[in-house]
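Each remark here refers to the structure printed beneath this line.
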Amino acid sequence: MNKIKVISFDVEGTLATPAFSHALWHETIPALYASKKEIDIAQAEAAIFAEYGRIGKQQMAWYDIEHWFGFLQLGDPQPAIQSCLHKIKYYPEVEEVLASLSTQYKLCAASGMPLELLRLVLQDIKHYFTYIFSAPTHYKQLKSPAFYQGICAEMGVHPAQVAHTGDSWQFDFLNPGQAGIHAFYLDRQGKNQESLSDLRQLQQQL
Ligand SMILES: [Mg+2]
């Protein structure tokens, strides 16, 4: 693959662990809702998780923190976001792999998170990236084939000059593949023999 110029990464589940999002969406928001509605935490969790399920990951609203704080009438999301920042963590091999790949390639972060959260989650590693794209903020869509074609055009490269890796079969493997990008599916559980189980294996495939 000596024609590859850009290595693109999904962010959550790929570079950053889900701990920040878990704390925000599964702990902090239900706790705020419980205290606002004066109900117990189990009731709040049941109500909130039912709403998450109703919207689902195929809709933009799922990813939109402003939507949820508005819809649930929880006020300003910033204090909640700030209270979860200490949970941001990267997988163990991430810094070493990014440092190494960034000497040979331009690196890109391509995420389904809104930019306001994406910037925070990338806080300690953002200097490795030439490009940072939020599908909902910059392209008003999920990580569709059109999103991947759009970012290739913006980076001034042909899709065949890009490799993308991430932990969503649909959003990081099928969709970039459809756009003509070399896509690698990351399965950190290592259940799938065809997939990568960490990012060191990506380096070996390039
Ligand atoms: Mg992911």
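The values are calculated or read from the model by the stated rules, or taken from the named source; none is laboratory data. A quick note: this is a predicted structure, and the numbers were derived from the prediction, not measured. Don't worry about glycine lacking a Cβ; one is built from the backbone with ideal geometry, like all the others, and counts go over all protein chains shown. Accessible surface is based on the protein model in full, side chains and every heavy atom, while ligands, DNA and RNA are left aside. Shrake-Rupley method; radii C 1.70, N 1.55, O 1.52, S 1.80 Å.
Kindly provide the set of residues from region 135-159 that are more than 21 Å from Asp64 (Cβ to Cβ) and of a type in the set (A, V, I, L, M, F, W, C), ordered by number.
Listed by number, the residues that qualify are Cys152, Ala153, Met155, Val157.
Out of the residues in region 160-206 meeting the condition of being among the aliphatic types (A, V, I, L, M) and either more than 20 Å from Ile4 (Cβ to Cβ) or surrounded by fewer than 16 Cβ atoms within 10 Å (Cβ to Cβ) (or both), tell me which one is nearest to the ligand (Cβ to nearest atom).
So the residue we want is Leu174.
Any residue in region 104-119 that is open to solvent by 40 Å² or more (accessible area, probe 1.4 Å) sitting within a Cβ distance under 6 Å of a residue that is part of a helix (DSSP H, G or I) and of a type in the set (Lys, Arg)? List the pairs, counting only those 6 or more apart or interchain.
Listed by first residue and then by second, the contacts come to nothing, as the list is empty.
One line per residue, one yes/no per condition, for (1) under 17 Å from the mean Cα position of the chain (by Cα); (2) more than 16 Å from the ligand (Cβ to nearest atom):
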residue: Ala44; (1), (2): no, yes
residue: Trp68; (1), (2): no, yes
residue: Ala80; (1), (2): no, yes
residue: Leu101; (1), (2): no, yes
residue: Gln104; (1), (2): no, yes
residue: Gly112; (1), (2): yes, no
residue: Arg119; (1), (2): yes, yes
residue: Tyr128; (1), (2): yes, yes
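For every residue, the table says whether it meets (1) under 30 Å from Gln201 (Cβ atoms); (2) open to solvent by 70 Å² or more (accessible area, probe 1.4 Å); (3) assigned to a loop (DSSP other than H, G, I, E, B).
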{"site": "Ile4", "(1), (2), (3)": "yes, no, yes"}
{"site": "His22", "(1), (2), (3)": "yes, yes, no"}
{"site": "Ala34", "(1), (2), (3)": "no, no, no"}
{"site": "Gln43", "(1), (2), (3)": "no, yes, no"}
{"site": "Ala46", "(1), (2), (3)": "no, no, no"}
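With Glu116, Glu45 as the choices, which residue is out of contact with any Gly (no Cβ under 7 Å at 6 or more places or on another chain), under 30 Å from Val162 (Cβ atoms) and of a type in the set (Asp, Glu)?
Step by step, each of Glu116, Glu45 is checked, and only Glu116 is out of contact with any Gly (no Cβ under 7 Å at 6 or more places or on another chain), under 30 Å from Val162 (Cβ atoms) and of a type in the set (Asp, Glu).
So, Tyr63, is that one within 16 Å of the ligand (Cβ to nearest atom), outside the structural domain of Asp172 (by TED's automatic domain parsing) and either buried (at least 19 other Cβ atoms within 10 Å of the Cβ) or without any contact (Cβ under 8 Å) to a residue 24 or more places away in the chain (or both) or not?
yes
How many residues does region 51-60 contain that are open to solvent by 40 Å² or more (accessible area, probe 1.4 Å) and not in a helix (DSSP H, G or I)?
So the count comes out to 3.
Go through region 70-103 and give me each residue that's open to solvent by less than 80 Å² (accessible area, probe 1.4 Å), free of Cβ contacts under 8 Å to residues at least 24 places away in the same chain and part of a helix (DSSP H, G or I).
Within region 70-103, Gly70, Gln78 meet the criteria.
List every residue pair whose Cβ atoms lie under 6 Å apart, where the two residues are 6 or more positions apart in sequence or sit on different chains, the first residue falls within region 163-190 and is without any contact (Cβ under 8 Å) to a residue 40 or more places away in the chain, and the second residue, located anywhere, is open to solvent by 20 Å² or more (accessible area, probe 1.4 Å) and part of a loop (DSSP other than H, G, I, E, B).
From residues that are without any contact (Cβ under 8 Å) to a residue 40 or more places away in the chain, the pairs are Asn175/Ser144; Gly190/Ser197.
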